[in-house]
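One structure is given below, encoded as structure tokens.
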Amino acid sequence: MADRVTVIGWDGSPLTAAARSALSAATLVAGAAHHLALPEIPPTAERVRLGSLSLAARRIAGHRGTAVVLADGDPGFFGVVRALRAPEHGLEVEVVPAVSAVAAAFARAGMPWDDAQVVVAHSRTLRRAVNVCRAHPKVAVITSPGAGPAELALLLEGVHRTFVICEELGTDKEQVTVLTSDKAADHSWRDPNVVIVIGGTGPTAAEPAWLLGRSATPTAGRGWARPQIDVGEGESTQLRAAQLARLGPRTGDLVWDIGSGSGALAVDAAALGAAVIAVDADRLACERTTAAARTRGVQLQVVNGRAPHVLETLPEPDVVRVGGGGAQVVAAVADRRPERIVSHASTRDEAEAIGRVLTEGGYTVECALLQSVALDTRTWAEQRRSVVFLLAAERPVNRPDRP
């Protein structure tokens, strides 16, 4: 095993005294091509071009001597330190940090970033990274080949955002470009780059931030599935709470809420960090959903159209609530293979029809009869009663349909 492993961050600035000292003693240096061309690298040191981090880590672990790994930006922030410290390699490292590419990108843009989400986009996480950009007003995307600004823009179709694209930060080829997301796919971009994605509206901070990636001001009110004037037969607060619990929306997910009605469930899902597309055939319902999102301080996309036809052009969902349309809409949703689907029915026959469609689609289905009774707490007299069948379906984990 290497006697000593030092990881040095590089941001284009002159190397620090600690970095130069570590390099002068190195017998093996690993890094990208532009790192290995640095004049401070001893001419006698073995040079390893970083491609696969696992292969490089094994090479370093088997080296007898002093190793240095050079990496862009802060190597402890979505960088090589995590891979080198993985248990299978057994490497203990010393780190000489530098300014992260994300911090440098926001500095070039002249913007604070304590309220920004930071995501890494590569082939397996690109769709989830895009969903974060849908759901949040300020996101920094650390890109990779094949998952860059053009790919982000293509998957964001229908959602307007501004891109601040920072290419080759810290080099003499550094370039910062600001353009709308619909124009980003028309260009070729150099790697590495960081994309700051800005758009939509979020809560306005009234006090200093205290939590990274979150507004200092909480969204209006506390809790989810709060009582309100419900719309639609069987659409009780308790039903929405049960549906939300079974969906389990989270950051990186895309939620479809079909038959969004008042927008209450869609807004709750967005408040949990998920990207949401709310669909309703009633234009007034779409307006209510938009107003509810504005009041709550969350972002979502509202689509006015009738399911199942309107669903054909929507991006792939992770979880879906079907609030209307019955078995026909549920069947169309099941064809898109989301992880979870929830729906409800007012009669047993309707519930059986929906359950049959889901089972035939390869889903595991549960059904419960929910009854809720609202009481007037002054007289404890019954005000409203709701009886509904709740159906929750989950795609078996041994049948993955997407990364």
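Details
- Kirkwood-based shape ratio for the chain, expressed as Rg/Rh from alpha carbons: 1.08
- Amide H contacts of Arg47 (H built 1.01 Å from N, in plane; Pro and chain starts excluded): Val29 sit under 5 Å, all sequence-distant by 5 or more or on other chains.
- Relative contact order [Cα under 8 Å, 6+ residues apart], the range 47-107, whole percent: 33 percent
- Size descriptors for the range 305-383 (Cα atoms only): Rg and Dmax, in that order, 15.9, 51 Å.
- For the range 263-367, relative contact order (Cα pairs under 8 Å, six or more residues apart, normalised by length) works out to 20 percent.
- Rounded to the nearest 20 debye, the dipole magnitude of the chain is 420 debye, with +1 charges on Lys and Arg beta carbons, -1 on Asp and Glu beta carbons, and the Cα centre as origin.
- Trypsin sites (Lys or Arg not before Pro) within the range 1-84, DSSP loop, no more than 11 other Cβ atoms inside 10 Å: Arg64
- Length gained on full extension, Ala107 to Thr364, computed as 0.36 nm times the residue gap minus the Cα-Cα distance: 87.6 nm.
- Residue-normalised accessible area of the chain, expressed per residue, 1.4 Å probe, Å²: 49 Å²
- Alpha-carbon centroids, the range 125-196 and the range 286-318: separation in whole Å: 24 Å
- Loop-located trypsin sites (Lys or Arg not before Pro) in the range 161-202, at most 13 other Cβ atoms within 10 Å (DSSP): Lys173, Arg190
- Percent of beta bridges antiparallel (DSSP, the chain, rounded to nearest 5): 50 percent
- Over 25 Å [Cα-Cα, the range 39-159], rounded percent: 38 percent
- Sites listed here are chymotrypsin sites (Phe, Trp or Tyr not before Pro) in the range 141-210 whose DSSP assignment is loop and whose Cβ has at most 10 other Cβ atoms within 10 Å: Trp210.
- Ordering Leu70, Val132, Ala345 by the projection of their Cα atoms onto the charge dipole of the chain, which places +1 on the Cβ of Lys and Arg and -1 on the Cβ of Asp and Glu, puts Leu70 at the extreme positive end.
- Under a 5 Å amide H cut-off, with hydrogens placed 1.01 Å from N, Val303 pairs with Ala278, Val279, Asp280 among residues at least 5 apart or on other chains.
- In this simple spin-label model, placing a label point 7 Å from the Cα along the Cα-to-Cβ direction at both Ser188 and Arg306 gives a separation of 4.7 nm.
- Whole-percent carbon and sulfur share, accessible surface of the range 333-403, 1.4 Å: 48 percent
- Apolar share of the accessible surface for the range 3-101: 54 percent from carbon plus sulfur atoms, 1.4 Å probe.
- Dipole axis of the chain (+1 Lys, Arg; -1 Asp, Glu on Cβ), positive-most option in Val96, His309, Gly110: Val96
- Distance between the 7 Å Cα→Cβ label points at Ala33 and Trp380: 8.0 nm.
- Mean separation of Cα pairs under 8 Å and 6 or more residues apart, divided by the residue count, gives the chain a relative contact order of 11 percent.
- Summary of the geometry: the range 331-346 and the range 69-95, compared by the centres of their Cα atoms, lie 42 Å apart.
- For the chain, the mean residue ellipticity at 222 nm estimated from helices alone is -7500 deg cm²/dmol, where every DSSP H run of n ≥ 4 contributes -39500 (n - 2.57) and the total is divided by all residues, rounded to the nearest 500.
- Residues of the chain were split at every exposed loop site, defined as GluC sites (Glu not before Pro) in a DSSP loop with at most 13 other C-beta atoms within 10 angstrom, and the longest piece left, sites excluded, is 234-403.
The values are calculated or read from the model by the stated rules, or taken from the named source; none is laboratory data. None of these values were measured; they are calculated from a predicted model. All Cβ positions, glycine included, derive from the backbone under ideal geometry; neighbour counts span all protein chains shown. All accessible areas refer to the heavy atoms of the entire protein, side chains included, with ligands and DNA or RNA removed. Shrake-Rupley method; radii C 1.70, N 1.55, O 1.52, S 1.80 Å.
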